[in-house]
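Accompanying notes for the structure given below.
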Amino acid sequence: MVGATVNAGGRLVVRATRVGSDTQLAQMAQLVENAQTGKAEVQRLADRVSGVFVPIVLAIAVITLGAWLGAGFPVAAAFTAAVAVLVIACPCALGLATPTALLVGTGRGAQMGVLIKGPEVLESTRKVDTVVLDKTGTVTTGKMTLVDVITAAGTERADLLRLAGALENASEHPIAQAIATAATEELGTLPTPEDFANVEGKGVQGVVDGHAVVVGRQSLLADWSQHLSPELVQAKEAAEAQGKTVVAAGWDGQVRGVLVVADTVKPTSAQAISQMRQMGLTPVLLTGDNEAVARQIAAEVGIDTVIAEVMPKDKVDVIVRLQSEGKTVAMIGDGVNDAPALAQADLGLAMGTGTDVAIEASDITLVRGDLRSAVDAIRLSRRTLSTIKTNLFWAFAYNVAAIPVAALGMLNPMLAGAAMAFSSVFVVGNSLRLRGFKSTASAH
């Protein structure tokens, strides 16, 4: 069923795979609600200060009352001065400083497709200096297509596509799906593999039509004592020099050919990387792909530091190593194998177009697949945190500065009430300025 389809007659069966709180919309709403009701570290600091500030104000009010009475002033005048102190020092603006900024900031983020999971995330964005990016599906579209099939001597193209495609059809990896899709389009229905197994970070293996088939990295085939011929090695190196990915396939003890797939860089990735650099962030490309392909993609988008041929389980180790070097690391990814690294990073950003486990492990979800959303997320988080700090400074400074004026009797309670209300209005107005935050994506 497609949007705007009208069922003019007949029977329509609809299966709801997710309902209620399990739907994406409900989860998005829950993320925004959690962010708006939680407390940032700066708010917890304000709470501790308030715990000291309020008793001090009460003490000043008592001292003011006693001083005026001791100086021989009428009781009414003494009480007026003491009440003015209490009114002007009322920390209403202090209570509004953080919630209003969070409410407006996270709401504006949701409008732009940036879902911040909690207010504590704001603190992380301020400190981040290194951004680690997954390649496939993050910097690139992740939509691989088969661009070439190179067979070994004595092997038919159709046989290579059929056996390799059948095995890859059982895998969810983007490269595997590109091969399987191309094989299906060219040959039709593919056989069903038996004893299928995924070799983490290397490829897949199984039995197809009675043949023990292995498809994946050159190292995986080498584990099976299957080695590429000089002609296939030359073809592989030529393809990788152009930034393409090469998958080897073999069965019955021999390498039967290589399949070349290519991924394209997202149109906005280079611009996003440039914006990150302007913010003082150092981008790092982290991928399990081979070095040549990774450097080709990195050069295209403007990334200098490349960490390639990393096994999925080793991505966390890379994040830990960067953190041990004193860097505050943000990780951007979209796949299942990115989830541990997203959780380990000081700030995890998951593409909303990616897997649920990656989204769950992250601190910020980018609903759109546009990498510029990551820039928006960091900019908005920093702006929101800055607004909170401005609000808190105003709330404290305004009250503290006005207390001596009230204690000296230069401010009656009515004026003190109006002045106190003005501080709250300022805090709310300052927070509402976040509604005018502009997305870099929409600006272009």
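Quick look at the numbers
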{"item": "Residues (without any contact (Cβ under 8 Å) to a residue 40 or more places away in the chain, over 11 Å from ALA249 (Cβ atoms) and assigned to a helix (DSSP H, G or I)) located in region 158-182", "result": "ALA158, ALA176, GLN177, ALA180, THR181, ALA182"}
{"item": "Any hit, region 423-444, residues being assigned to a helix (DSSP H, G or I), within 22 Å of VAL83 (Cβ to Cβ), touching a Cys at 6+ places or on another chain (Cβ under 6 Å) and not polar (S, T, N, Q)", "result": "no"}
{"item": "Search result, residues across region 276-313 that are more than 20 Å from the chain's Cα centre (by Cα) and part of a helix (DSSP H, G or I)", "result": "GLU291, ALA292, VAL293, ALA294, ARG295, GLN296, ILE297, ALA299, GLU300"}
{"item": "Test: residue in region 24-43 that is modelled with pLDDT of 70 or more and either among the hydroxyl-bearing types (Ser, Thr, Tyr) or exposed (fewer than 14 other Cβ atoms within 10 Å of the Cβ) (or both)", "result": "no"}
{"item": "From ARG379, ARG368, residue being of a type in the set (Lys, Arg), in a helix (DSSP H, G or I) and either surrounded by fewer than 24 Cβ atoms within 10 Å (Cβ to Cβ) or at pLDDT below 80 (or both)", "result": "ARG379"}
{"item": "Which numbered condition GLY409 fails, given (1) surrounded by fewer than 19 Cβ atoms within 10 Å (Cβ to Cβ); (2) in contact (Cβ under 8 Å) with a residue 40 or more places away in the chain; (3) assigned to a helix (DSSP H, G or I)", "result": "(3)"}
{"item": "Qualifying residue in region 237-247 (condition: within 23 Å of VAL318 (Cα to Cα), assigned by TED's automatic domain parsing to the domain that holds GLU194 and either of a type in the set (D, E, K, R) or part of a strand (DSSP E or B) (or both))", "result": "yes"}
{"item": "Near pairs, Cβ below 7 angstrom, 6+ apart or cross-chain, from region 78-92 (under 11 Å from TYR398 (Cβ atoms)) to any residue that is outside any helix (DSSP H, G or I)", "result": "ILE88/LEU411"}
{"item": "Residue check for LEU228: buried (at least 23 other Cβ atoms within 10 Å of the Cβ) and outside any helix (DSSP H, G or I)", "result": "no"}
{"item": "Matching residues, region 55-77, being closer than 19 Å to TRP394 by Cβ and assigned to a loop (DSSP other than H, G, I, E, B)", "result": "none"}
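The values are calculated or read from the model by the stated rules, or taken from the named source; none is laboratory data. Predicted model, so just to flag it, every value in this text is computed and none were measured. Note: ideal-geometry Cβ built from the backbone for every residue, glycine included; neighbour counts use all protein chains shown.
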